[in-house]
Amino acid sequence: MAANFSCSRAALCCLALWSFARTSGTIQVPPAHPTAKPGFPVPINTNNPGVRKAARFGVYRYNNSSNDLFLFKESQINKAMVQLVRGLKYMLHVEIGRTVCEKREHSNLDSCHFQKKKNLQQMLRCYFEVWIMPWLHKVNVLVALCH
């Protein structure tokens, strides 16, 4: 009985968060897969707005920690998973590329184009873990590994 109650409670929390995310317009969570256990990562479409937003947060973290003169931005999201853990934890495999925008310009990444000059082009493969708690308006980039 206790196991059924905790599964029901977890399902209710998932449903509540999913409903909130769909109506808030900022982050969308896919409905739980019938075989997925609560708290386990599940695949999510790489074009999902929440995934794209999480990838951008990972890129901001990379840009703030790198010594490169130019800003990088995401060029392709190759794989995405999401886990429900007191918010949404995104696990992303992302390719990022060097842009023409210099860091000191503080440009909006959406208006930054990728480098055209061969000697300045650079692509990196990154793994980001981004934890978003939309009701607190809080984002933590837990992991930002690029090579």
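Taken together, the values in this text are just the output of simple stated rules run on the coordinates, not laboratory data. Quick caveat: nothing in here was measured; it's all calculated off a predicted structure. Cβ sites come from the backbone with ideal geometry, for glycine too, and all protein chains shown count toward neighbours.
Key figures for this structure:
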read-out	value
FRET efficiency estimate (nearest 0.05) - Cβ-Cβ, TRP135 to VAL100, R0 35 angstrom	0.40
Rounded to 5, the percent of DSSP beta bridges in segment 62-147 classed as antiparallel	100
Whole-Hz couplings from phi, Karplus 6.51/-1.76/1.60, listed for segment 59-72; x for Gly and Pro	5, 4, 4, 4, 4, 6, 9, 8, 9, 5, 5, 9, 7, 10
Taking THR99, THR46 and counting other C-beta atoms within 10 Å, the order from fewest to most	THR46, THR99
Lysines whose Cα lies under 19 Å from that of LYS118, excluding same-chain neighbours fewer than 8 positions away	LYS73
Under 13 Å, Cβ to Cβ, from TRP131 - net charge with Lys/Arg +1 and Asp/Glu -1	+4
